[in-house]
Amino acid sequence: MRAFRPFSCSVVSDLVLRLSHQPRLYNLSVFRTLLAAFLFLGTALQASDLDAELARIMHGRSGAAVVVDVNSGHVLASYHPEAAARRLARPGSAFKPFTLLALLQSGKLSATDSLVCRRNLHLGGHDLSCGHPQIGPLQAASALAYSCNDFFATFGRRLSREEFQSTFTKAGFASPSGFAADEAVGSIHPARSDEERQLQAVGEGDMEVTPMEMLAAYRGLALRRTVPRVSDAEQTVFLGLEQATSYGMSRLASVAEMKVAGKTGTARTDQGAWTNGWFAGYAPADKPEIAVVVFLERGTGTADAAPLASEIFRAWWKSRRL
């Protein structure tokens, strides 16, 4: 039997409109109380709809997914929230925006510095060769869009181990996100060599984060995206995240209804030959309202997590239009 739904968001809006056209029936205080109640009810219904859709989208998958309101930090929907709060894993390429931001802000890389990807990359006995199209010289934004490991490993050596630790901490990966009560906390081991710094630059070093921390970090980017004036470094990162979903390695996270910004990650594990998949991002890209994280055990970011993120973004868009 289909569940009875007493109100929809459109019904709430209609009721508020009717009340506003009959001011003599209600004093101002009563009207404000009713308005607040109806708006709260509408938000709750929207979150309930989104929670149900998230459960459907992620059904049967091992991992976690969470949606938060960028402005308030309120969790709108979650799938396996305990795993999101406590599962620690390498961030993979989802960490690259923060590497890029550190390079640009430190002056150790300019937005126009370029590199022709050499494709093959082996670090610490791991094959991290690039799988993106070969398109000629890459600059900061396009390297982020295409998630070029060669670009980030090459320029990432310019950051010291202290700068990597500072970047990790500043982004929020070493502290609870505040989205859950009992959270694990990420960590990064001080790099002892150029190779270890290169691994950290691409999110594959001795480092681990929770999905909640990843979400908080990208919410931080989304909040900065709403600021009228930001630094050139931040603008370059925002551009790279938007290009990642429009033509780059995160393009399967895009939706027709609005522009999305975000980054995938496919991170190696110490438990076996498989990888874990990540997507983290926000939408609408130019005026962020929600931030999303998807984490999949034994998956990839590009082929597995990104399409799920696309469904989540679309579900949110539809819920807000009800």
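The values are calculated or read from the model by the stated rules, or taken from the named source; none is laboratory data. Fair warning: this is a prediction, and the values are worked out from it, not measured in the lab. Counting neighbours? That spans all protein chains shown, and the Cβs are built from the backbone with ideal geometry, glycine included. All accessible areas refer to the heavy atoms of the entire protein, side chains included, with ligands and DNA or RNA removed. Shrake-Rupley method; radii C 1.70, N 1.55, O 1.52, S 1.80 Å.
Being open to solvent by 50 Å² or more (accessible area, probe 1.4 Å) and not acidic (Asp, Glu) is the filter here; which residues of the stretch 255-267 pass it? Show your work before the answer.
To start, the set of residues in the stretch 255-267 that are open to solvent by 50 Å² or more (accessible area, probe 1.4 Å) comprises 256-257, 259, 266.
Hits for the stretch 255-267 are Ala256, Lys259, Thr266.
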(message) Against the condition assigned to a loop (DSSP other than H, G, I, E, B), small (Gly, Ala, Ser) and in contact with a Gly (Cβ under 8 Å, 6 or more places away or on another chain), how does Gly205 come out, does it pass?
(response) no
(request) Considering only the stretch 268-312, state which residues are under 19 Å from Arg87 (Cα atoms), open to solvent by 30 Å² or more (accessible area, probe 1.4 Å) and β-branched (Val, Ile, Thr). (result) Thr275, Thr300
(message) All but one of (1) in contact (Cβ under 8 Å) with a residue 60 or more places away in the chain; (2) open to solvent by less than 10 Å² (accessible area, probe 1.4 Å); (3) under 28 Å from Leu109 (Cβ atoms) hold for Met249; state the number of the condition that does not hold.
(response) (2)
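Residue-wise test of (1) hydrophobic (A, V, I, L, M, F, W, C); (2) modelled with pLDDT under 95; (3) open to solvent by 60 Å² or more (accessible area, probe 1.4 Å); (4) within 29 Å of the chain's Cα centre (by Cα).
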site: Ser13; (1), (2), (3), (4): no, yes, yes, no
site: Leu35; (1), (2), (3), (4): yes, yes, no, no
site: Val66; (1), (2), (3), (4): yes, no, no, yes
site: Leu76; (1), (2), (3), (4): yes, no, no, yes
site: Ala85; (1), (2), (3), (4): yes, no, no, yes
(message) Being free of Cβ contacts under 8 Å to residues at least 60 places away in the same chain and within 30 Å of Glu82 (Cβ to Cβ) is the filter here; which residues of the stretch 206-243 pass it?
(response) Asp206, Glu213, Ala216, Gly220, Arg224
(request) Scan the stretch 239-258 for residues that are in a loop (DSSP other than H, G, I, E, B) and among the β-branched types (Val, Ile, Thr) and report the count. (result) 1
(request) Of the numbered conditions (1) assigned to a strand (DSSP E or B); (2) out of contact with any Asp or Glu (no Cβ under 8 Å at 6 or more places or on another chain), Asn276 fails exactly one; give the number of that condition. (result) (2)
(message) Filter the stretch 128-167 down to the residues that are in contact with a Phe, Trp or Tyr (Cβ under 8 Å, 6 or more places away or on another chain), within 21 Å of Ser250 (Cα to Cα) and in a helix (DSSP H, G or I) and list them by number.
(response) Ala143, Ala145
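I'd like to check something: does the stretch 175-195 contain any residue that is under 23 Å from Thr112 (Cβ atoms), modelled with pLDDT of 95 or more and in a helix (DSSP H, G or I)? Show your work before the answer.
Kept after step one, since they are under 23 Å from Thr112 (Cβ atoms), are these residues of the stretch 175-195: none.
No - not one qualifying residue is present in the stretch 175-195.
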(message) Give all pairs with beta carbons closer than 6 Å in which a residue from the stretch 103-114 that is among the acidic types (Asp, Glu) meets a residue that is assigned to a helix (DSSP H, G or I) and surrounded by fewer than 17 Cβ atoms within 10 Å (Cβ to Cβ); count only pairs at least 6 apart in sequence or on separate chains.
(response) none
(request) For residues that are small (Gly, Ala, Ser) and outside any helix (DSSP H, G or I), scanning just the stretch 103-127, find the one that is most open to solvent (accessible area, probe 1.4 Å). (result) Gly125
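Filter the stretch 208-238 for residues that are in a helix (DSSP H, G or I) and touching a Ser or Thr at 6+ places or on another chain (Cβ under 8 Å); which is most open to solvent (accessible area, probe 1.4 Å)?
Residues of the stretch 208-238 that are in a helix (DSSP H, G or I), as a first pass: 211-225, 232-238.
With touching a Ser or Thr at 6+ places or on another chain (Cβ under 8 Å) added as a condition, the list becomes 212-213, 215-216.
Values: Met212: 4, Glu213: 0, Leu215: 0, Ala216: 29 Å².
Per the stated criteria, the residue is Ala216.
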